[in-house]
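I have placed the structure first, in the form of structure tokens, so that the comments after it can refer back to it.
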Amino acid sequence: MQDVAASARQITDYFNNAGDLLKTEGEVIKQIVADLRRRKSAFSNKDIIICLLEKLETESDVVQLDIYRHALEMVVQQTPDDLSA
């Protein structure tokens, strides 16, 4: 399994370096990461993905839904696939 802190840092760095294009999505990810750090000593990209899916399931504002979808897409693209033996 990939180092959890490094993985979360990579995602945060990706959004920070994306400029204004992904600023809102980056803020959503930063908030999720901060919440996960408060609740868990270790977490992975999967935890971030689960949080985003939960937000998608409970949100009714179409603009916010679009932000969550785009953030989810970016996290999934930055997450390496699990290798099955």
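Suppose we keep only residues that are of a type in the set (Asp, Glu) and modelled with pLDDT of 80 or more within segment 65-85. Which one would you say is nearest to ILE29 (Cα to Cα)?
Only one residue fits best here, namely GLU73.
Across segment 28-45, the qualifying residues are those that are of a type in the set (D, E, K, R) and out of contact with any helix residue (DSSP H, G or I) (no Cβ under 8 Å at 6 or more places or on another chain), and the one among them that is surrounded by the most Cβ atoms within 10 Å (Cβ to Cβ) is ARG37.
The values are calculated or read from the model by the stated rules, or taken from the named source; none is laboratory data. Note that the structure is a prediction, hence the values are computed from the model and not measured. Glycine also receives a Cβ, built like all others from the backbone with ideal geometry; neighbour counts cover every protein chain displayed.
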